[in-house]
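The values are calculated or read from the model by the stated rules, or taken from the named source; none is laboratory data. What you see is a predicted model, and the numbers here were worked out from it, not measured in a lab. Ideal geometry is used to build each Cβ from the backbone, glycine not excepted, and the neighbour counts take in all protein chains shown. Just the protein is used for accessible areas: all its heavy atoms, side chains included, with ligands, DNA and RNA removed. Shrake-Rupley method; radii C 1.70, N 1.55, O 1.52, S 1.80 Å.
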Amino acid sequence: SGRTVFGIDHSQGALSVAREKFPEVSTEKAVLQEMNYEAAFDGAICMDALEMVPPEDWPRVLSNLQRALKSQSPLYFTVELTAESDIQQAFEEGQSLGLPVVYGEAQWALEGGYHWGEDSYYHYYPKAEQVKDWIQQAGFDLIEDAVGDEYHHFLVQKQ
């Protein structure tokens, strides 16, 4: 179609797999919090990544994505969903351990279930209204949002 694809990921392993499958695609190892492009892209897709961004970094990440896009360009991104009872349980567990957690943060054991420890990974599950506020603050217009397939899907456009 004449489009050029460029991939960013914080995981060298994921980038290696991408390069193996699509050697013609340029990639860069970077975290969304440090992305520093200026009007470089006609559109962006951010899937299965924002759940690893803590709440205090969401405004910065969305601003970085907004700055990286050309005027009127779209951004599609997903926000992973999980059961409210799991979020509540993870929050209570973190609090009981004296951790400075905010509601929506969870650590998940590698083998499943919540778990605050070394053999775990981090997720943050923001409420849709909070995401919509951050979208607006970053200079995006919300075009569409929908829930399906265990994700909240957002399509926004740079103002």
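Quick notes
- Per this entry, ILE143 is counted among residues that are assigned to a strand (DSSP E or B) and among the β-branched types (Val, Ile, Thr).
- Counting the residues of the stretch 58-108 that are touching a strand residue (DSSP E or B) at 6+ places or on another chain (Cβ under 7 Å), of a type in the set (Val, Ile, Thr) and closer than 30 Å to ALA40 by Cβ gives 2.
- Among the residues of the stretch 66-114, the ones that are under 30 Å from ALA39 (Cα atoms), touching a residue at least 60 places away in the same chain (Cβ under 8 Å) and either among the hydrophobic types (A, V, I, L, M, F, W, C) or open to solvent by less than 20 Å² (accessible area, probe 1.4 Å) (or both) come to 6 in all.
- Within the set ASP48, ASP42, the sole residue that is in contact (Cβ under 8 Å) with a residue 12 or more places away in the chain and either closer than 30 Å to VAL102 by Cα or within 17 Å of the chain's Cα centre (by Cα) (or both) turns out to be ASP48.
- Note on the stretch 2-25: among residues that are over 19 Å from LYS70 (Cα atoms) and of a type in the set (S, T, N, Q), the one that is farthest from the chain's Cα centre (by Cα) is SER16.
- So PRO23, is it in contact (Cβ under 8 Å) with a residue 12 or more places away in the chain and on the phi < 0 side of the Ramachandran plot: no
- Being open to solvent by 60 Å² or more (accessible area, probe 1.4 Å), under 20 Å from LEU32 (Cα atoms) and either of a type in the set (A, V, I, L, M) or in a helix (DSSP H, G or I) (or both) holds for only one residue in ASP133, ASP57, and it is ASP133.
- Selection of the stretch 1-37 for residues being in a helix (DSSP H, G or I) and of a type in the set (S, T, N, Q) yields GLN12, SER16, GLN33.
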